[in-house]
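Chemist: Structure provided below as structure tokens; questions to follow.
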Amino acid sequence: MPATRQVALLFDPHRLDPQQRQLLAGIHCYAERAPHWQCVFDPHAIWGRRIPYDGLIAPGGTHTAPRSARAGVPAVLVTWLAFRVPHATRVVANRWMAARLAAEHLHRRGYQTFACVVGAHHAPSRIDRTEFRRWLRLRGLDADERRLTRRRALSSRDWQDIVNRLERWLGTLTPPVGIFCSTDAVARTLADLAAWRGLRVPEHVGLIGGGNHVPLCELEEPTLTSIDYHHQQVGRRAAELLDRLMDGQPPPRRNILITPTLVPRQSTDRDRFHDPLVARALDYIDAHSAEPIRVADVARASGLGLRQLQRRLKARRGRTIVQEILRARLGRAQRLLETTDAPLTAIARRAGFPSRRLLAAAFRRRLATTPTAYRREHRPAPAMPRQARPGPTP
């Protein structure tokens, strides 16, 4: 067993936000199985002349990230803050994939216009808005955006100013509009403002938040669809990595990215709002699209006759059952191309296409590209060497 290791957690225990609490929960999951670890909360550990610790885990603020990266002991950063710091070792959520998940979900739900609300000077928010709009532009669409200044504490006047500006901005959007928000707090505020303006969620306004904080998402209706960044997993992976670094292993050449997931709830469930039987059919298609399903199977799962389902699906979505199955299979293939290095034959099989040739034909017909070209275009943007990582888009 290794000698006892002193690990400094550069979190202020008196000012923990929900994200930091999840990060610490993940660190705790690892540390309780590592009896050689002794964790100490010390937000000022890097400011002394000598660092009396064997390793650091830091939230990576503007001032702490550079000092953590060159502290002379192994250090792991667990946020995208201070993005431009060179030679930093990070374990972070994949915000590029999160933005793509949000754009794809809103597009699939049938929204006609799109928007995003992000922080004005916040590296993760810059990634959110850039990749969200990029995904839409590749499909001939675009998104309006609103940038909010982030403050630690809001006065009554600050809060009212933000609410007023969001309310005026919401009135300029054309329903049905799908909105991606960097935080669940903003999404909840927009849900309240939409109701005040007489706009129904999700019929007129679809909302996706960020963070998947259950009290905010599920406290009242409509419940909020949200991106779960799995911060607890980020913390656990950061602790695992720090232990390897303290063993003398070299740092990884790339950021370690944790895959987010989208948690659907009422705020984007347009189909269920209008026609629960059509929604049941779509749920069945999404769950079984990789299998050799038939249109009769879908109709049976919905509880409707085949002709009746075809008519209602065409009215609600503008597509037939066969086209919806193809849409689901293409979506599955796109995600596999974006997130795996599997060969095209395996991707075709896992997405429900009988052959690689039919997969390629569907891509050419529906997306005007090939699977290989799509993979090259949509590989995760942050896969960059640590020594030459650029800063965020201004």
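The values are calculated or read from the model by the stated rules, or taken from the named source; none is laboratory data. Please read these numbers as outputs of a predicted model, since none were measured by experiment. Methodologically, a virtual Cβ is constructed for each residue, glycine included, from the backbone with ideal geometry; neighbour enumeration extends over all protein chains shown.
Chemist: Go through (1) in contact with a Lys or Arg (Cβ under 7 Å, 6 or more places away or on another chain); (2) in contact (Cβ under 8 Å) with a residue 40 or more places away in the chain; (3) assigned to a helix (DSSP H, G or I) and name the single condition Leu330 misses.
Modeler: (2)
Chemist: A further question follows. Of the residues Arg253, Arg200, which is over 20 Å from Leu170 (Cβ atoms) and among the basic types (Lys, Arg)?
Modeler: One residue alone meets the criteria, Arg253.
Chemist: Given the residues Ala34, Ala65, which is the only one that is of a type in the set (A, V, I, L, M), at pLDDT below 90, assigned to a loop (DSSP other than H, G, I, E, B) and closer than 18 Å to Leu245 by Cα?
Modeler: The match here is Ala34.
Here's the yes/no breakdown for (1) outside any helix (DSSP H, G or I); (2) among the polar types (S, T, N, Q); (3) touching a helix residue (DSSP H, G or I) at 6+ places or on another chain (Cβ under 6 Å); (4) under 24 Å from Ile208 (Cα atoms):
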position: Pro250; (1), (2), (3), (4): yes, no, no, no
position: Leu257; (1), (2), (3), (4): yes, no, no, yes
position: Ala287; (1), (2), (3), (4): no, no, no, yes
position: Glu291; (1), (2), (3), (4): yes, no, no, no
position: Asp297; (1), (2), (3), (4): no, no, no, no
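Chemist: Scan segment 85-123 for residues that are more than 21 Å from Arg375 (Cα to Cα), in a helix (DSSP H, G or I) and in contact with a Leu (Cβ under 8 Å, 6 or more places away or on another chain) and report the count.
Modeler: Counting residues in segment 85-123 that are more than 21 Å from Arg375 (Cα to Cα), in a helix (DSSP H, G or I) and in contact with a Leu (Cβ under 8 Å, 6 or more places away or on another chain) gives 1.
Chemist: Val201: within 24 Å of the chain's Cα centre (by Cα) and within 30 Å of Val163 (Cβ to Cβ), yes or no?
Modeler: Judged against the criteria, Val201 is a match.
Chemist: Any idea which of (1) surrounded by fewer than 24 Cβ atoms within 10 Å (Cβ to Cβ); (2) under 19 Å from Arg126 (Cα atoms) is the one Leu193 doesn't satisfy?
Modeler: (2)
Chemist: Now a separate question. Could you check segment 254-299 and list, in sequence order, the residues that are hydrophobic (A, V, I, L, M, F, W, C), within 18 Å of Asp228 (Cβ to Cβ) and either out of contact with any Cys (no Cβ under 8 Å at 6 or more places or on another chain) or modelled with pLDDT under 85 (or both)?
Modeler: Ile256, Leu257, Ile258, Leu262
Chemist: Which of the numbered conditions does Thr372 fail, given that it passes all the others? Conditions: (1) within 25 Å of the chain's Cα centre (by Cα); (2) farther than 27 Å from Ala299 by Cα; (3) crowded, with 18+ Cβ neighbours inside 10 Å; (4) modelled with pLDDT of 85 or more.
Modeler: Exception for Thr372: condition (3).
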